Each structure stands twice: as structure tokens, then as C-alpha cells.
Amino acid sequence: MDLATILGIVISFGLVVSAIMAGSSLLIFIDIPSFLIVFGGTIGALLVNYPIGKVLAVVGVIKKTLFAKAESPTTIIEQFMDYANRARREGILSLEPIIKEIDDAYLRKGLQLTVDGLEPQAIQEIMETEISNIEGRHENGYEIVRALGEYAPALGMIGTVIGLVQMLQTMNDPSSIGPAMAVALITTFYGAVLANLIFNPMAGKLKSRSKDEILIKEMQMEGILAISKGENPRIIQEKLSSFQPPKERKGGD
């Protein structure tokens, strides 16, 4: 579980709720029709814009902001140093028993192609195509969550307009204007909260996660190609270390 995401949600919502309760009751900000307009309308707009399969997949995409576990570049380097040393001592076929134990489908495929004896150029083309497809899937997920962040405030404004129209129809009763105006503005509040405390930050987290994952895939591809070419383990270590920030490299300043 990603502690930063959970902590951010708790802090942001906690401060908003605290500010509300410091000046009034939390109950006055609860309005079911307003919530239905904003949340239901946002989901409806999403269904218009995207195929239903992609909309249903958004649940899995959002879960990645909470539960995705990023691999460490240092771990990748250590992993490939072990593979390279083993291949150098015992031959490339010595990696075949290890492949079955690898959970990462991308890494498993790359090593299998290497063991099967494909040319490095062919391996690189296949691995780059895989990375391109991964980026495409990530982009789809990011766009859907970002769209939720765009639709929610717009639906909040629509709800506010509805509330104002209803309020203007009862202008002959001054006592009803204040409560009606409050309900009208609550829809804008719901839209702003959903967009700025949930959807937009999650879209940003997904984009950041995508960059981290692609970096790992590129490291893995570089290591796979180096092993397929029979390069020295020390050279492989230097190549993979170049993906790390200088302070994280072994012996870096």
C-alpha cells in the first residue's frame, strides 16, 4: 500500500472536515440530490466519452495509486548482476530454470527470448514494442482519471445552476432564499472536492507511477540485451547504474 497516497487523502479530507466543523455542523454539507448530480453525472459523462470496458477498468486503475509496488533500480541491478555472472560461468542456458520463478512477465519474456537464442536486434524490437504497449495502457488509465477530474467541477456548476433556477422560482418567499442558495452551492463544493482532492491528484500519481515503471522496463531491456550479447558483468553494472540518480549509484556522491 502506498503510504503517501493514504496520508495525503487523510490529511486533505481531515483538514477540510475540521474547517467545516469549526464554523458549523457537518450535516449542512450533506445533500443527497447534489451528490447524485455531481457523482452520477460525472460517471454518465465518462460513459459517453469512453467505451464501457475502459470505464469499468477505472477501478483497477485507481487501485494502482493505492497498492502498486514499484521495484527498486538497485534491486534490478543486483538481479542482473546475478544473471550475468551465472550466464558467464555456466552458459546462457543456465538461466532457463530461473525464468520459471520470475513473476514479472516482461522480464520473463525477455530472458526467455535470450535463452532461445534470438538476435539482440530482434529482442530489442520485441521489448520496445512491449514497452510501447505498456505506455499506451498507462496513458488510457491516466486519461480516464483526469477526465473524471474535469467532469466533476463541470457537473458541480450544472447542479448549482439547477439550484439557482429553483431558488428564483421561490423568490416570493425570502425565508427560502438562504437555504436554497446553500444547497445550490453545495454541488459546486462536491465537484471541487472530488476533482482537487481525489481525481486530479490520482491522475498525477498514475503519471508518476507510469514513468517509474517505464524506467524499470528500460533498465530490464538494457540488461537483457547486454546478457544476450555476452557482455562483461562489470559493463552491465555500469550500463544499468546510468539509469539511477548519481546519489543512488554504488559509490556515488
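Leu46 meets each of the listed conditions (1) open to solvent by 40 Å² or more (accessible area, probe 1.4 Å); (2) farther than 30 Å from Pro179 by Cα apart from (1). Among the numbered conditions (1) farther than 30 Å from Gly204 by Cβ; (2) in contact with an Asp or Glu (Cβ under 7 Å, 6 or more places away or on another chain); (3) not polar (S, T, N, Q), the only one that Ile102 does not meet is (2).
Exactly one residue among Val55, Val59 is farther than 19 Å from Met219 by Cα, open to solvent by 40 Å² or more (accessible area, probe 1.4 Å) and among the aliphatic types (A, V, I, L, M), and that residue is Val59. Check region 138-156 and report whether any residue there is farther than 23 Å from Asn200 by Cβ and touching a Ser or Thr at 6+ places or on another chain (Cβ under 7 Å). No: zero hits. Every residue in region 136-171 that is of a type in the set (A, V, I, L, M, F, W, C) and farther than 20 Å from Gly41 by Cα, please. Selection gives Met167, Leu168, Met171.
Scanning region 113-172 for residues that are polar (S, T, N, Q) and either free of Cβ contacts under 8 Å to residues at least 12 places away in the same chain or within 24 Å of Lys229 (Cβ to Cβ) (or both) returns Thr114, Gln121, Gln124, Thr129, Ser132, Asn133, Gln169, Thr170, Asn172. The test for being of a type outside the set (A, V, I, L, M, F, W, C), surrounded by 17 or more Cβ atoms within 10 Å (Cβ to Cβ) and without any contact (Cβ under 8 Å) to a residue 24 or more places away in the chain does not hold for Lys100.
Residues that are without any contact (Cβ under 8 Å) to a residue 12 or more places away in the chain and in contact with a helix residue (DSSP H, G or I) (Cβ under 6 Å, 6 or more places away or on another chain) were ranked within region 7-33; the one that is surrounded by the most Cβ atoms within 10 Å (Cβ to Cβ) is Ile20. Output yes when any residue across region 97-111 is touching a helix residue (DSSP H, G or I) at 6+ places or on another chain (Cβ under 6 Å) and farther than 23 Å from Ser210 by Cβ, and no when none is. Checked against the condition, which is being touching a helix residue (DSSP H, G or I) at 6+ places or on another chain (Cβ under 6 Å) and farther than 23 Å from Ser210 by Cβ, region 97-111 yields at least one hit.
The values are calculated or read from the model by the stated rules, or taken from the named source; none is laboratory data. Keep in mind it's a predicted model, so treat the numbers as computed, not measured. So basically every Cβ, Gly included, is an ideal-geometry build from the backbone, and we count neighbours across all protein chains shown. Heavy atoms of the whole protein, side chains included, go into the accessibility calculation; ligands, DNA and RNA do not. Shrake-Rupley method; radii C 1.70, N 1.55, O 1.52, S 1.80 Å.
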